[in-house]
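The values are calculated or read from the model by the stated rules, or taken from the named source; none is laboratory data. For clarity, every value in this text was computed on a predicted model and none was experimentally measured. Reconstructed Cβ throughout: ideal geometry from the backbone, glycine too, with neighbour counts over all protein chains shown. Please note that ligands, DNA and RNA were not included when accessible areas were found on the heavy atoms of the full protein model with its side chains. Shrake-Rupley method; radii C 1.70, N 1.55, O 1.52, S 1.80 Å.
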Amino acid sequence: MANARLTAIGMAVPRKKVPNAYFESIIDTTDEWIVSRTGIKTRYHVEEGEFTSDLCVRAVEDLVEKYPTSLEDVDMILVSTVTPDQPMPSMACRVQHRLHMSRAGALDIYAACAGFSYGIVVAKGLIAGGLHKKILVIGAETLSKVTDFSDRTSCVLFGDGAGAVLIEADPTGNIGACITGASGEGGSDLYISGYASTIDGHELKMNRCIVQNGRRVFKWAVTTVAAEIKNLLAKNNLTLGEIDWFVPHSANLRIIEAICNETGFSMDKVLESVVDFGNTSSASIPIALYNGIQSGKVKHGDRIMLFGFGGGLAYAGTIITW
Ligand code: COA
């Protein structure tokens, strides 16, 4: 069975930075409320005509710049998103075409905020099965396209962005045992009512937006993630004390704090992306990991627990050694 190694990472966000003050100007809210309930200070939004595939391409370009590698021998592209430019072609096909990866298969994954973690699980499995050797896993979203800007309980939460990692067959694998699961009965607590699309370059604004029962999602996330982290650690024969960094999905700083309280993990060892980027769904984990590595916090040999959770309600986690 071939081992899989996460070898490189890149990220991208749109140029437009949106501070909490923007929401003070369009809805009844305050910077103080948003920061105290969510931790979020800023997020980035795409401009008209800018799409998820654009962010995917930029994240991969950043990966190649930071960790020079050829894209020619990439043999599979997995893109996790709930905000594709359009339902067909897939984002993975668009990325394959735009970055000239003619030898690569292409597949999108729909597992919302757990999608990037699911992508790593799938990539590891494809490599272990001997089917593929060099896989790009991308988490990318333009959630601002599906945000109801009149709903003050949700519109402040979401941001746009993308993160990309390369996973390669390598005898020195660094991806540990994985865990996946879902509480499908909670699907109606967090969903998108439709989607955006383009025809001849014109964006169609369909009746689509994120709808959520924030309190129910909050409660589910804290109880489920705290319990499943114990299972993930057990599967890897590790204790919490042996984990150097925890990268949960960055939905809300208060959810992360509650998970840490519940499990006894220190917030000092959390890598998050929610404060500066908002909840970027599929992109939140790679963006947090990227910034942890770029800032020098994450050292070679560190053990990092990734845990995605969200719409579905779905979750997936694994432990990598950087
Ligand atoms: N600004 C000011 N007040 C707001 C507000 C805003 N942006 N949004 C809601 N409020 C008000 C509510 O109307 C309510 O007022 P009321 O008591 O007069 O009715 C009050 O704040 C409390 O609302 P509530 O929904 O109970 O707040 P909360 O503490 O549960 O926080 C969330 C709301 C959405 C931040 C929180 O539930 C949450 O983060 N949930 C998880 C959502 C999430 O992360 N989803 C994605 C998961 S992948």
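Considering each residue of segment 55-68 in turn, none proves to be closer than 28 Å to LEU253 by Cα and either among the polar types (S, T, N, Q) or within 16 Å of the ligand (Cβ to nearest atom) (or both).
When ASP148, ASP108, ASP160 are screened for being at pLDDT below 95 and of a type outside the set (Val, Ile, Thr), only ASP148 passes. Can you find a residue that is within 15 Å of the ligand (Cβ to nearest atom), open to solvent by 30 Å² or more (accessible area, probe 1.4 Å) and either in a strand (DSSP E or B) or without any contact (Cβ under 8 Å) to a residue 12 or more places away in the chain (or both) anywhere in segment 175-183? Taking every residue of segment 175-183 in turn, at least one turns out to be within 15 Å of the ligand (Cβ to nearest atom), open to solvent by 30 Å² or more (accessible area, probe 1.4 Å) and either in a strand (DSSP E or B) or without any contact (Cβ under 8 Å) to a residue 12 or more places away in the chain (or both).
Please indicate, with yes or no, whether at least one residue in segment 35-44 is touching a strand residue (DSSP E or B) at 6+ places or on another chain (Cβ under 9 Å) and part of a loop (DSSP other than H, G, I, E, B). Yes, because at least one residue in segment 35-44 is touching a strand residue (DSSP E or B) at 6+ places or on another chain (Cβ under 9 Å) and part of a loop (DSSP other than H, G, I, E, B). Has segment 255-263 got at least one residue that is away from the ligand (no atom under 14 Å from the Cβ), among the charged types (D, E, K, R) and more than 25 Å from ILE34 (Cα to Cα)? Among the residues of segment 255-263, not one is away from the ligand (no atom under 14 Å from the Cβ), among the charged types (D, E, K, R) and more than 25 Å from ILE34 (Cα to Cα), which makes the answer no. Within segment 194-201, is even one residue assigned to a loop (DSSP other than H, G, I, E, B) and at pLDDT 85 or above? No, segment 194-201 has no match at all. Quick check on GLU50: is it outside the structural domain of GLU257 (by TED's automatic domain parsing), of a type in the set (D, E, K, R), open to solvent by 10 Å² or more (accessible area, probe 1.4 Å) and within 16 Å of the ligand (Cβ to nearest atom)? So GLU50 does not fit the description; no.
Here are ILE304, ILE256, ILE320: which of them is at pLDDT 95 or above, more than 21 Å from VAL165 (Cα to Cα) and buried (at least 17 other Cβ atoms within 10 Å of the Cβ)? Matching residue, one of ILE304, ILE256, ILE320: ILE256. Test VAL217 against the criterion of being modelled with pLDDT of 90 or more, more than 10 Å from the ligand (Cβ to nearest atom) and in contact with a helix residue (DSSP H, G or I) (Cβ under 7 Å, 6 or more places away or on another chain), and give yes or no. No. Being within 16 Å of the ligand (Cβ to nearest atom) and outside any helix (DSSP H, G or I) is a property that does not hold for ASP73.
Look at segment 222-234: where a residue is farther than 16 Å from GLY312 by Cα and a partner is small (Gly, Ala, Ser), sitting 6+ places away or on another chain with Cβ atoms under 6 Å, you get LEU232/GLY317. Within segment 114-151, the set of residues being closer than 17 Å to ALA283 by Cβ and of a type in the set (Phe, Trp, Tyr) comprises PHE116, TYR118.
Which of the following residues is in contact (Cβ under 8 Å) with a residue 24 or more places away in the chain, of a type in the set (A, V, I, L, M, F, W, C) and open to solvent by less than 30 Å² (accessible area, probe 1.4 Å): VAL74, VAL64, VAL82?
Numbers: VAL64 fails: open to solvent by less than 30 Å² (accessible area, probe 1.4 Å); VAL82 fails: open to solvent by less than 30 Å² (accessible area, probe 1.4 Å).
Just a single option satisfies the conditions, and that option is VAL74.
What number of residues within segment 10-25 satisfy the criterion of being assigned to a helix (DSSP H, G or I) and more than 11 Å from the ligand (Cβ to nearest atom)? Lay out the reasoning, then the answer.
Residues of segment 10-25 that are assigned to a helix (DSSP H, G or I), as a first pass: 20-25.
Then keep just the ones that are more than 11 Å from the ligand (Cβ to nearest atom); that gives 21-22, 25.
Residues meeting the conditions: 3.
A Cβ distance below 6 Å, combined with a sequence gap of six or more or placement on separate chains, defines the contacts here; from segment 114-135, residues that are open to solvent by 10 Å² or more (accessible area, probe 1.4 Å) reach residues that are assigned to a helix (DSSP H, G or I) in the pairs HIS132/LEU126. Considering only segment 253-265, I want to know if a residue exists there that is in contact with an Asp or Glu (Cβ under 7 Å, 6 or more places away or on another chain) and on the phi > 0 side of the Ramachandran plot. No: segment 253-265 contains no residue that is in contact with an Asp or Glu (Cβ under 7 Å, 6 or more places away or on another chain) and on the phi > 0 side of the Ramachandran plot.
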